[in-house]
Amino acid sequence: MLKTILHQLLNQRRMNGWIFFELLLVSLFLWMVIDPICVLKSVQNMPHGYESEGRYVVRLQTLDATYAAFNPEYEDDSLRVNYYEHIARLLRDLPEVDSYAVSVQLSFPGSGNWSGGTLYGDTLAVKGDKFVHGQWYAFVDFEGSDPLKTYGFRDAATGTYLQKPADTRNKLFLSENYAQALCGTAQATGKYVYMGDQSKHEVAGVFANYKHFEQTEYYPLYIQFEQEIKASPYMVWRYPFILKLKEGVDATAFEQRFLKEVAPLLSMGNLRFASLKSFDSYVEDNKEMSGTNNLFRLKYALTGFAVLCIFLGMLGTFWIRSNARRQEIGVMRSMGASRQTITLQFLLEAGLLVTLAFLCALVFILIYGHLEGFTPVPSAGNHPLRDPDFWANNFTGHFFVVSMVAYIILLVTSLLGTYIPVRRAANVLPADALRDE
C-alpha cells in the first residue's frame with residue numbers, strides 16, 4: 001500500500017503542492033505558538049515546594065489622619081507592638097487554626113514582594129571562593145509559631161516535614177538547589193554559611209525546591225528567623241499573618257465565620273483588619289498581574305486559529321480529492337476493497353503529506369533556534385541557576401518535546417479533516433461511483 005500511496009502523491013504533485021505549502025507554513029506558525037505554552041505549562045506543573053490547601057494570609061491596615069476613627073494617642077511604638085502581638089495570639093488560638101506564622105516582608109507564595117540576598121561558603125576574607133545569590137524568606141519566631149509546618153516544607157532527602165529547632169537564632173534553612181550550589185551537596189544540614197556581615201549561620205535543614213511564583217522556575221531560597229516583632233509605622237506591610245487550618249475544616253465556612261466574627265476583633269488602636277486571602281488566590285492574582293494568563297489566552301487563540309486552518313484546509317482538499325477519485329474508489333470497492341481499506345489509504349496519504357511538510361518545517365525551526373533561541377524558562381531574580389535536567393533548559397530536549405507536541409496536534413487535526421470527506425466517499429456503492437463517472 002505504501003508504494004501505491006507514494007505513486008499517488010507523485011502523480012498528483014501539483015494538487016498536493018498547495019496543501020504541502022499550507023502545511024509547511026502552518027507547521028512553522030504552530031511550533032512558534034506551541035513553544036511558550038509547553039514551557040509555561042511545564043513550569044507551572046512543577047511541584048511548588050509548599051502546600052496551599054487550607055493556607056491563608058491575614059493582613060492588617062493602619063488608619064491615618066484622613067480617617068475619622070484615627071486616634072493620635074495610639075501612635076506609640078510600644079502600643080503598636082502590643083496590639084500586634086495580641087492579634088497574633090488571637091489568630092493562633094482560633095479553633096480552626098492548626099498552626100500559624102508571622103511572616104516578614106510578604107514571605108509567602110504569589111506575594112508582590114521578592115527579596116534577595118547572598119550567602120557565602122566562607123568568611124568575607126575568602127568570600128570570592130563560594131557565594132550564591134538567592135531569595136530569602138523571614139519569619140518572626142513568636143510564641144509557638146511554626147512557619148515550616150504552616151507552609152508544609154518537606155525535607156529534600158526524606159520527604160518528611162521539617163521540624164523547627166527550639167532555638168532559631170543563627171539558624172538557616174536552605175532549598176535543595178541552594179544547598180547544592182553553595183555547599184556542593186544537598187546533604188548540607190549541620191554545615192555553616194555566612195552572610196555579608198560575616199555572621200555565621202548553621203544550616204538547620206534542607207527543604208525541597210520552592211517556587212515563589214508559580215510561573216517561574218525554581219530559584220534558590222533560604223529561610224531565616226527574627227526573634228521579635230519590631231515597631232514600625234510600616235508594620236502592617238512588614239508582618240502579615242499566615243494560618244494553616246486543621247484537617248477537615250471547611251474553608252468556606254471558616255472564611256464566612258472569620259469575616260463575620262473574627263475580623264471585628266482585629267481592630268485595635270489604629271490597626272484594622274484588611275484582608276483574608278488564600279495562598280491560591282495570591283498565586284492566581286500574581287499570574288493575572290504578571291500577564292501570564294493573558295499570554296496563555298493569546299497563545300491558545302492563535303493555536304485554535306492554526307488548528308482551524310489545518311482542519312479546513314485538509315477538509316476542503318480531500319473533499320475535492322475524494323470526489324475526483326470516485327471512479328478509483330468504485331474500482332477498488334468492486335475489487336473487494338473494504339471501506340476501512342479505502343479510508344486507511346487516504347489517511348496514510350494525508351499523514352505522509354503532513355509528516356513531509358513538518359520535517360521540512362523543522363529545518364527552518366532549527367535554524368531559528370540556533371540564531372534566536374527558543375522560549376526561555378521564566379525565572380524570578382537576576383541570577384537564575386538553571387536546572388540542566390529540566391527539558392526546556394536543554395536545546396535538544398526543548399526542540400524534541402515541542403516538536404512532538406506540535407506534530408501530534410498537526411497530525412490529529414489533519415487526519416480528522418481528511419477522515420470526514422473520505423469516509424463519506426467510501427460509503428458510496430461501487431455501481432453508483434462508476435455510474436457517476
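The table below gives the values:
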{"item": "One residue from F399, F395 being at pLDDT 85 or above, surrounded by fewer than 16 Cβ atoms within 10 Å (Cβ to Cβ) and either more than 27 Å from H212 (Cβ to Cβ) or out of contact with any Pro (no Cβ under 9 Å at 6 or more places or on another chain) (or both)", "result": "F395"}
{"item": "Pair list, Cβ < 8 Å and 6+ apart or interchain, from segment 277-303 residues that are surrounded by fewer than 14 Cβ atoms within 10 Å (Cβ to Cβ) and at pLDDT below 90 to residues that are not in a helix (DSSP H, G or I) and not charged (D, E, K, R)", "result": "M289/G112"}
{"item": "Any hit, segment 212-219, residues being among the aromatic types (F, W, Y), at pLDDT 95 or above, in the same structural domain as D141 (by TED's automatic domain parsing) and outside any strand (DSSP E or B)", "result": "no"}
{"item": "Candidates A157, A166, A188, A231, filtered to the one that is surrounded by 18 or more Cβ atoms within 10 Å (Cβ to Cβ) and in the same structural domain as L106 (by TED's automatic domain parsing)", "result": "A188"}
{"item": "Residues within segment 346-379 that are surrounded by fewer than 20 Cβ atoms within 10 Å (Cβ to Cβ), closer than 22 Å to V422 by Cα and either within 30 Å of the chain's Cα centre (by Cα) or not hydroxyl-bearing (S, T, Y) (or both), tallied", "result": "5"}
{"item": "Enumeration of residues in segment 137-166 that are in contact with an Asp or Glu (Cβ under 6 Å, 6 or more places away or on another chain), assigned to a loop (DSSP other than H, G, I, E, B) and in contact (Cβ under 8 Å) with a residue 24 or more places away in the chain", "result": "G152, A156, L162"}
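The values are calculated or read from the model by the stated rules, or taken from the named source; none is laboratory data. Since the model is a prediction, treat every value here as computed from it, not as a measurement. Cβ sites come from the backbone with ideal geometry, for glycine too, and all protein chains shown count toward neighbours.
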